[in-house]
Amino acid sequence: LRLVEWSAPGQVPLHADGARLLEVAPHYGLPLPELCRLFDSLYVSFYKGLGGVTGAMLLGSPTVTREAAVWRRRLGGNPFTVAPYALSCRAAFRAHRGSFDARWRRLQQLAPLLSSTAAEEGGSLRFVPEAPTCCQAHVYLRGDAAAFDA
């Protein structure tokens, strides 16, 4: 959010790669519409956190979206129909839209438990970041390869 503050005086337009926007939104403690309004344009993935087949959405001013549509076509993004993708995305959104806060809070509970259990067993399990900021985290295992196979 500091980037938003830094860009305001110079009126620098901000684009957010919100591929995992729904996953990180609970960390910021803002309602999703308010978080989105911080940016001039925003990309939202339908397949990463939501689990749709494929697809994404670009949000922004009519000028930005018109320009993007031209480039989408130039780059070969002009399928005969997007209906199957749209249906998959809609179903995924309906199934998962309210789950991200609960998933994040559950991971915050599990991360220290899993790390301490691994340590008790003589291994190492490290979360990055240590306290997950969304319902996804990188997890690193350290230990003897034979012990993992057991």
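The values are calculated or read from the model by the stated rules, or taken from the named source; none is laboratory data. Here the structure is a predicted model, which means the values were calculated and not measured. So basically every Cβ, Gly included, is an ideal-geometry build from the backbone, and we count neighbours across all protein chains shown. Remember, those area values only see protein heavy atoms, side chains included, never the ligands or the DNA or RNA. Shrake-Rupley method; radii C 1.70, N 1.55, O 1.52, S 1.80 Å.
So here's what we get for this one:
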item: When residues of region 4-45 are limited to those that are free of Cβ contacts under 8 Å to residues at least 40 places away in the same chain and charged (D, E, K, R), the one nearest to Gly60 (Cα to Cα); result: Asp40
item: Among residues of region 107-128, those that are open to solvent by 70 Å² or more (accessible area, probe 1.4 Å) and either farther than 17 Å from Asp144 by Cα or under 27 Å from the mean Cα position of the chain (by Cα) (or both), counted; result: 5
item: Gly77, sole failed condition from (1) in contact with a helix residue (DSSP H, G or I) (Cβ under 9 Å, 6 or more places away or on another chain); (2) in a helix (DSSP H, G or I); (3) over 26 Å from Trp6 (Cβ atoms); result: (2)
item: Residues (of a type in the set (A, V, I, L, M), at pLDDT 85 or above and under 26 Å from Pro33 (Cβ atoms)) located in region 57-87; result: Met57, Leu58, Leu59, Val64, Ala68, Ala69, Ala86, Leu87
item: Test: residue in region 86-106 that is over 21 Å from the mean Cα position of the chain (by Cα) and either in a helix (DSSP H, G or I) or loosely packed, with under 11 Cβ neighbours inside 10 Å (or both); result: no
item: Complete set of residues in region 29-52 that are in a helix (DSSP H, G or I) and either hydrophobic (A, V, I, L, M, F, W, C) or surrounded by 15 or more Cβ atoms within 10 Å (Cβ to Cβ) (or both); result: Leu32, Leu35, Cys36
